[in-house]
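Since the structure comes first, as structure tokens, the remarks are kept for the end.
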Amino acid sequence: MNEDQQAVLTLFKQKQTDYGEHMEAIKHIWREYGRRKQPDIQDPAGFAAGLEYLASKTFLGPKISQKACADKYGVTSHKVSQAYRRLSDTAGDIISSYWRAAVDGRFQTPPQNSKLLDELVDQVLHMQTYPGSFSTELTMDQRFMLGDLFSSFYRASFQEKIELCVELFTIHPYHPDLYIILAEFSPYNHRKKKILTKAMINGENAMDPFIMKDLTGELWMEVDARPYLRAKAAYAEQLIREYDFDGGILQYRELLRLNEGDNQGIRYKLLPLYLEHGYYTEARALLDTIQESDIYEAILAYLTEGLTRRTKTLLQKADHHNPYVKEFVLHPKKRPEDLPDYYGIRDESEAAVVAADTLWVWKKHKTFTQAFLDLS
């Protein structure tokens, strides 16, 4: 950040008292705008006023008009509007990530050790991808150390996990699984996608060229391919979090093509997306490969046929196989806040996942929902 950019930030901090808890995020937006545009700042007050107006919109601060912002900083309303438009146009992806995180209930104030995390993420973002398999450069002791460090994540606190990431980075700065972890910890969507893109590239580069060609359909059987497949799945999940459902669907379809055995459970993530977004032909084909899918059979029947006798029969069958689903639909607050990573068949854990994945159905199609709830 140069002197002119720092002057804008200093003036903004002097004039406002309402954004203390979001100051780091606001500084991040401003720094990123400066990095991308390198603006010629002749009037710091205009940019500072625009930054406050943007903060009021982004972080739901006190309602303030452009005129009030202009009066506060001693500039014209036109300058506030102009600065606001420049900021929002350039840093719109960052701003959207805050909105989406807030809507999804995922935004949290960065932890105290976020500086260490930010420094590590910055290093990763500025690194070039590796053109081959970096693992071949490691000694056997280093490979064992990597395994031990990854294993330590299961019992580590958040701060300890960040420190483990630093250790991992010093040994293998291109490891896709490390990048997946860093993407999960980063609070900014545009950074998550960049990190995961690098994870996929590094994962693919680390494989021998024949693997992707000769083992397509059973790629999971090649241990060296698994980091790539995990990175691809994480990238798909990130696209879906950002409401790029079609992009996520395409990534999931590619994963099923590469790994027909579906060791990652991609089918169970893809099927609800097909149903929600109107890909009924694809949903039908996928359902034919899945056992114990009665509730999804009922949903597809309703979406394509309406509330027919067949639809009601399928609903009855689904309710018989797992009555917990109806309980969670009827009483949403009973659903666990955190969904299980693994779940059984016909139990509460499965019902919690199914109810969450089909929430849109019960909200949008009241006739279908009532028919489900009326089952005796």
> If you build a Gaussian network model of the chain, linking Cα atoms that sit under 10 Å apart, which residue out of 251, 42, 82 swings the most?
Replying inline: 42
> When the Debye formula is applied to the Cα atoms of the chain, each taken as the same point scatterer, what base-10 log of I(q)/I(0) results at q = 0.11, 0.12 Å⁻¹?
Replying inline: -0.95, -1.06
> Which pairs break 29 Å Cα to Cα here: 317/364; 269/317; 115/193; 57/194; 79/192; 232/334?
Replying inline: 79/192; 232/334
>> Between region 214-277 and region 1-74, how far is it from one alpha carbon centroid to the other, in angstrom?
In response: 41
> Who wins for biggest fluctuation among 306, 217, 46 in a Gaussian network model of the chain, springs between alpha carbons below 10 Å?
Replying inline: 306
>> Taking the 0 to 90 degree range and rounding to the nearest ten, how far is the long axis of helix 158-171 tilted relative to the main principal axis of the chain, both from C-alpha atoms?
In response: 90
> Rounded, prolate or oblate: which one fits region 124-268, using the alpha carbon gyration tensor with axes a ≥ b ≥ c (rounded when a/c is under 1.5, else prolate when a/b beats b/c, else oblate)?
Replying inline: oblate
> Which ³J(HN,Hα) values in Hz, rounded to whole numbers, follow from the phi angles of region 299-304 under the Karplus curve 6.51 cos²θ - 1.76 cosθ + 1.60, where θ = phi - 60° and Gly and Pro get x?
Replying inline: 5, 4, 4, 5, 5, 9
>> Could you sort 241, 309 by their accessible area in this structure, using a 1.4 Å probe and putting the largest first?
In response: 309, 241
> At a 1.4 Å probe, what is the % contribution of carbon and sulfur to the accessible area of the chain?
Replying inline: 49
> Just by accessible area at a 1.4 angstrom probe, what is the order of 312, 72, 366 from largest to smallest?
Replying inline: 366, 312, 72
>> Is there a quick way to get the dipole size of the chain? I mean about its Cα centre, with the Cβ of Lys and Arg at +1 and of Asp and Glu at -1; what is the value in debye to the nearest 20?
In response: 1600
> In nm, to one decimal, how far is the residue 309 label point from the residue 221 one, both placed 7 Å along Cα→Cβ?
Replying inline: 4.7
> Looking at region 279-342, which chymotrypsin sites (Phe, Trp or Tyr not before Pro) are DSSP coil and have at most 13 other C-beta atoms within 10 Å of their C-beta?
Replying inline: 342
> Ignoring ligands and nucleic acids, what accessible area does residue 137 show with a 1.4 Å probe (Å², nearest 10)?
Replying inline: 110
> Taking the chain as a Gaussian network, where each spring joins two C-alpha atoms under 10 Å apart, which residue of 138, 51, 256 fluctuates the most?
Replying inline: 138
> For residue 119 and residue 190, FRET efficiency with R0 = 22 Å and r from the beta-carbon atoms, rounded to 0.05?
Replying inline: 0.80
> Which of the aspartates and glutamates could a cross-linker bridge to residue 67, judged by Cα under 13 Å and excluding same-chain residues fewer than eight apart?
Replying inline: 52
> What 222 nm value per residue comes from the helices of the chain, counting each DSSP H run with n ≥ 4 as -39,500 (n - 2.57) and dividing by all residues, nearest 500 deg cm²/dmol?
Replying inline: -21000 deg cm²/dmol
>> To test your reading of the geometry: what angle, between 0 and 90 degrees and rounded to tens, separates the Cα axis of helix 23-37 from the longest principal axis of the chain?
In response: 80
>> Using a probe radius of 1.4 Å on heavy atoms only, what accessible surface per residue do you get for region 3-104? Whole Å² is fine.
In response: 50
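The values are calculated or read from the model by the stated rules, or taken from the named source; none is laboratory data. Note that the structure is predicted; figures quoted are calculated from it, not measured. Using ideal geometry, Cβ is built from the backbone for each residue, glycine included, and neighbour counts are taken over all protein chains shown. To get the accessible areas, we keep the full protein, side chains included, count just its heavy atoms, and leave off ligands, DNA and RNA. Shrake-Rupley method; radii C 1.70, N 1.55, O 1.52, S 1.80 Å.
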